[in-house]
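Here is the structure we will look at.
The values are calculated or read from the model by the stated rules, or taken from the named source; none is laboratory data. Please read these numbers as outputs of a predicted model, since none were measured by experiment. FYI the Cβ positions are ideal-geometry reconstructions off the backbone, even for glycines, and counts take in every protein chain you see.
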Amino acid sequence: MRWSVYIAAVLVAAAFDASFGAVLAVGDLRGHLLPSVVVFALLSAPRRIGVRLAMLAGLVADLLAPIVVSQASLVDGGSDTAELLVVPGPRVLGFALGALAVLPLRGLLARHNPLSSAAATLCFSLLAAVAFVAIFIVRGWVLDGGTPWWPGTGGGEVLRRALGAAGDAILALPAMWVLARTRSWWGFTVMTRVSPGLARQGGAG
Amino acid sequence: MQAPRFIRFLSGRRLDWSLALLALAASLAPVGALRPWTSDLARLVSVPLAPVSHFGVFLRARVRPEQAAFDPRAPETVALEQEVRQFRALYEQARLENERLERSITALAAVRARLDGTGQRLAEASIVGTDASRRDGAARINAGIRHGLRAGSVALVSGDILVGVVGQDLGALSASLIPATKLPSLGVRLYPPQGSDPSTPLSAYPGAMLKPTTRGTWSADVASTQPLSLGMVARLADDRFGRTALGARVGTVVAIEPIEKAPLARRVEIAPLASLGDHSTVIVVVESGAPE
């Protein structure tokens, strides 16, 4: 697999999500292109690099989504002020968990079928979302720090992200079709397992 | 010989586990350990994304135009109304400033110093990226320290509506905006929709400290005997955001309910007038000495 193509695709997908993606939102149901790109690569890339390439996409997603943390300010007599903080890690781990779930499914899914790719995207996004929320809850316990869903609740965030995962799966249908047209650029190696049989041994007659 | 052996050791599953542990450590690292380097890294990543996301925001504005574009009235009328709103904001700003001056002599000296040295102006900045994971997340704009932007500066839309505040992670050419609905508190005064009466003292207009709610609105307990009504306009009356931001519109009152434990106070809910995610450009306050 060509890493340069994957990195370019991840950056374009992240930029698409951060700009034009809002048009595709219906309430909390909002599809993201980035999971589709990751799942597309996961379904065809060598298994040994699957987790790593998902982590890379998770890192990009983390870097582009700073969270707002509130801090007591010393200059304003201790009043609360808001501050942006980039936490690189929650989506890295979430995407890694999603990749660990999708990789074993490769054998079960018809890879070129958009429906099966959408199902894989749903599974990937759901697990990534659960891991993301869990990590921020743990971070909240450990550090008493801010969460991205403040002033909402963790439960509400899980529901919102479950809807988001459904949106990702819906968007994956056209996205996978488009990505499949670019398959030749990605440099995936196609390995066909040839099993010996009567026809190959010339003993059918 | 040492390096290749280490690289051989750190490959395959071991490399995956090491990266995962590194990510876990970064996820649970305190704010002080992350702040010095993560913002710079994020800015670095956002550089190659800028052209694509700028084009995406342009397309988004075309596909889903801002609310004003659907206004059937003549553009001249809209422009004039916007000017009226801006001047009303300036008027409220002047009144709030006046009240503050009268409050104490020490404040007067500080304000005089501020007025003398305020070399501030308003500038337009484009939104080049938003948080893809949430509608009320932070946004990135194409203005930074080189344009004279400072952390804590306010961002306005439609002339006088506060939508956000510039965050601490300022870059040379870009900056992040914290949405107003994510700020821990906002000091405002509530005015009738038609504006304040010059002959009425400012104390007749109740003040409130807004706190964000889970619905993307704010709530505040108003301990005032003054009448409250739906549709009242909340204008910023908070010195933390600078003189330029005073009087900017924040939201409108959408619900009023009594508080059982405090019969003289009422709880109001205020809905924001504009959302950062619905706009492609914002007006920010910059130092006038900086280049355009």
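Sort out which residues of the stretch B:16-42 are assigned to a helix (DSSP H, G or I) and more than 7 Å from chain A (Cβ to nearest Cβ), and write them in order of number. Selection gives B:17, B:18, B:21, B:22, B:25, B:32, B:33, B:36, B:37, B:40. Of the numbered criteria (1) farther than 21 Å from residue B:215 by Cα; (2) in contact with a Phe, Trp or Tyr (Cβ under 7 Å, 6 or more places away or on another chain), the one residue A:113 fails is (2). Counting only strands (runs of 3 or more DSSP E) that sit completely within the stretch B:110-173, those holding 1 or more residues that are charged (D, E, K, R) and modelled with pLDDT of 85 or more correspond to B:139-141.
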